[in-house]
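A short write-up of the structure that comes next.
The values are calculated or read from the model by the stated rules, or taken from the named source; none is laboratory data. These numbers come from a predicted model, not from an experiment. All Cβ positions, even for glycine, are placed from backbone atoms using ideal geometry, and neighbour counts span all protein chains on display. Ligands, DNA and RNA are stripped out before the accessible areas are found, and what is left, the full protein with its side chains, is counted by its heavy atoms. Shrake-Rupley method; radii C 1.70, N 1.55, O 1.52, S 1.80 Å.
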Amino acid sequence: MKYGKGKTVGTIAGDLTANLCQIILASIGLATIVISSGELFQLIKWCGVAYLIYMGITKIIAKPQIKLSADKIEDRSFSKLFIEGFLMSAANPKAIVFFAALFPLFLNETDPIIPQIVILAITFLIIDGLSLFIYAVFAEKLKSYLENQEKVYLQNRIVGGLLILSGIMLSMVKRTNN
């Protein structure tokens with residue numbers, strides 16, 4: 001919102017790069033777990049479901065925290081925004097937990113794990129990158145709308161409800177164990 005959609009690309013690229021690193025770290029652990037223990041794999045799946053529901057509830061009860069400064073905004077280069085995006089995402093330990101909890105829900109234990117993880121990672125990064133950019137475009141156009149505390153509260157409730165719904169739906173996924 002501060003820099004507009006053009007400059008946001010740097011932050012998005014930094015965020016996606018950090019996500020890729022987190023995906024790699026989570027996947028190394030997942031591959032080991034999938035190979036060694038089906039029960040542990042199921043435990044991680046259910047922890048992922050619980051985590052999605054927890055994130056949804058947290059989002060619903062969160063108070064809106066949109067405060068935009070009218071101060072002069074300093075101009076930032078692509079590399080500075082990239083580093084900020086990378087550090088912000090890399091410093092979030094929940095991301096590794098998120099990937100470790102989400103990916104098992106879509107892995108088939110009987111097929112090679114690495115190709116599945118590569119497909120999931122590419123899919124996630126493309127969808128996340130597009131989502132962030134679309135959000136930046138809309139945020140730039142709807143800045144005044146997003147500053148309205150009541151509307152942000154409604155957005156939080158909708159997103160929270162969708163996260164809870166995702167957790168419930170993922171809990172119903174049946175896995176085939178051979």
* Structure fact -> the stretch 101-117 scanned against label point 7 Å out from residue 25 along Cα→C-beta; backbone N under 17 Å for 101-103
* To do: Working with all protein chains in place, sort 124, 99 by solvent-accessible area computed with a 1.4 Å probe, largest first.
  => 124, 99
* To do: Once you've got the Cα coordinates, tell me which of 7/63; 7/94; 5/80 are over 24 Å apart.
  => 7/63; 7/94
